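Supplied in structure tokens, the structure appears directly below.
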Amino acid sequence: MAETLNTTLDGHQIGLSNLEKVLFPKDGITKGDLIRYYLKIAPVMLPHLKDRPLSFQRFPDGIGAEGFYQKQVPKSYPVWIKRVPLGVNEIVEYALADTSAALVYFAQQAVIVFHTSPARADKPHNPDILIIDLDPQTDLFEPVRQTAFGLKELFGGLGLECFVKTTGSRGLHVAVPLDRAADFDQAHEFAQRVAQLYERRHPDEVTTEISKAKRGSRVFIDTNRNHYSQTAVAPYSVRARAGAPVAAPITWEELADKGVRSDSYSIENVFELLERRPDPWRDIYRRGQSLDKAEERLEKLDSR
């Protein structure tokens, strides 16, 4: 029987076991390493999880084996893990994370990847962030980088400030903080119109085509994160990939460095990044913007 280490965090006792179990076989990264990462990153990561329904990717046998996706809170979770019931046709009880203890508990459950809703639990139909996912169809990252800068310029012309995050996988997320006045239908329609306008301007570089077979080598501009019940990888979440890369908010100046890639930051070096400067997204949720005037400006651009 595996030895269990009991520890207390935020007033909650947590049993930690199998700390030497290797979750990332090529790198020798263990469950203990994962837990230590989430404990250390908690002060920076928790504001991005606050009041957001969480979905998890769990890998009890490591990323070399098949994991699974979890939304519904298991009955085995302790009572101090906060929950929120959400849904339309089917009610799902989602977990929330507001403490370091919650992050450590989830990591103990072999949660490697955290996914968050673009809306907070108190207004689940009104996102406070609009996300455009840039998905490359080749191994080249430069087209993704250029598309992100192009969208930044386009959003700027619409009067909207936007932010950027590496996904820790292959692409980038361009994020626009919202004031929660728009519902998901309005946010998605706006995002799709922006993507289609950019596609018309750059038809050889990007596409909004859903069919992978029709995308060719063009960057896919994916706006489908902006639907009710959809999720995006959380800032500072580890990804289930070799090297344990991290989804890292970065500055636009950092993205200008052609050496930066989607998986540049990991549990090994993301703290060096945070030592050089604070989290670029630390104020993002206090910078919510209305889509109303932006929609008017977009209408004018669409009609040209």
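The values are calculated or read from the model by the stated rules, or taken from the named source; none is laboratory data. Source: prediction; values computed, not measured. Positions of Cβ are generated from backbone atoms using ideal geometry, with glycine treated the same way; all protein chains shown enter the neighbour counts.
Which one is farthest from ARG52 (Cα to Cα), of the residues in segment 240-266 that are in contact with a Gly (Cβ under 6 Å, 6 or more places away or on another chain) and surrounded by 23 or more Cβ atoms within 10 Å (Cβ to Cβ)?
SER262
Let me ask another. Can you list the strands (runs of 3 or more DSSP E) lying wholly within segment 11-121 that have 1 or more residues being over 16 Å from the mean Cα position of the chain (by Cα) and hydroxyl-bearing (Ser, Thr, Tyr)? Reasoning before the result, please.
Details: elements: 12-17, 22-24, 54-58, 68-70, 83-86, 92-95, 111-116.
Strands (runs of 3 or more DSSP E) meeting the threshold: 12-17, 92-95.
On to the next question. Just to be sure I understand, how many residues within segment 199-223 are in a loop (DSSP other than H, G, I, E, B) and in contact with a strand residue (DSSP E or B) (Cβ under 8 Å, 6 or more places away or on another chain)?
The qualifying residues number 7.
Among the residues of segment 255-282, which ones are of a type in the set (S, T, N, Q), touching a residue at least 12 places away in the same chain (Cβ under 8 Å) and farther than 19 Å from LYS152 by Cα?
Selection gives SER264, SER266.
Quick one: in segment 127-173, which of the residues that are part of a helix (DSSP H, G or I) and hydrophobic (A, V, I, L, M, F, W, C) is surrounded by the most Cβ atoms within 10 Å (Cβ to Cβ)?
VAL144
It is to be established whether one or more residues within segment 283-291 are outside any loop (DSSP other than H, G, I, E, B), surrounded by fewer than 18 Cβ atoms within 10 Å (Cβ to Cβ) and in contact with a helix residue (DSSP H, G or I) (Cβ under 8 Å, 6 or more places away or on another chain).
Yes, some residue in segment 283-291 is outside any loop (DSSP other than H, G, I, E, B), surrounded by fewer than 18 Cβ atoms within 10 Å (Cβ to Cβ) and in contact with a helix residue (DSSP H, G or I) (Cβ under 8 Å, 6 or more places away or on another chain).
Out of everything in segment 270-282 that is among the acidic types (Asp, Glu) and either touching a Ser or Thr at 6+ places or on another chain (Cβ under 8 Å) or part of a helix (DSSP H, G or I) (or both), what residue ends up being nearest to ASP179 (Cα to Cα)?
Top of the filtered list is GLU275.
Please give the number of the condition ALA121 fails out of (1) crowded, with 22+ Cβ neighbours inside 10 Å; (2) touching a Pro at 6+ places or on another chain (Cβ under 9 Å); (3) closer than 22 Å to ARG282 by Cα.
Of everything listed in (1) crowded, with 22+ Cβ neighbours inside 10 Å; (2) touching a Pro at 6+ places or on another chain (Cβ under 9 Å); (3) closer than 22 Å to ARG282 by Cα, ALA121 misses just condition (1).
For GLN72, only one of the following conditions fails: (1) under 30 Å from ARG36 (Cα atoms); (2) touching a residue at least 24 places away in the same chain (Cβ under 8 Å); (3) out of contact with any Ser or Thr (no Cβ under 6 Å at 6 or more places or on another chain). What is its number?
Every listed condition holds for GLN72 apart from (2).
Looking only at segment 1-42, filter to residues that are among the acidic types (Asp, Glu) and at pLDDT 95 or above; which one of those is surrounded by the most Cβ atoms within 10 Å (Cβ to Cβ)? Full working, then the answer.
Residues of segment 1-42 among the acidic types (Asp, Glu): 3, 10, 20, 27, 33.
Going one step further and asking which of them are at pLDDT 95 or above, we end up with 20, 27, 33.
On the way: GLU20: 10, ASP27: 16, ASP33: 21.
The extreme case among them is ASP33.
Residue-wise test of (1) in contact with a strand residue (DSSP E or B) (Cβ under 7 Å, 6 or more places away or on another chain); (2) outside the structural domain of PRO25 (by TED's automatic domain parsing).
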position: ARG83; (1), (2): yes, no
position: THR99; (1), (2): no, no
position: VAL104; (1), (2): yes, no
position: ASP133; (1), (2): yes, yes
position: ASP139; (1), (2): no, yes
position: GLY157; (1), (2): no, yes
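Between a residue in segment 176-205 that is surrounded by fewer than 15 Cβ atoms within 10 Å (Cβ to Cβ) and any residue that is in a strand (DSSP E or B) and modelled with pLDDT of 95 or more, which pairs come within a Cβ distance under 7 Å, given they are 6 or more apart or on different chains?
Between residues of segment 176-205 that are surrounded by fewer than 15 Cβ atoms within 10 Å (Cβ to Cβ) and residues that are in a strand (DSSP E or B) and modelled with pLDDT of 95 or more, the close pairs are ASP179/GLN289.
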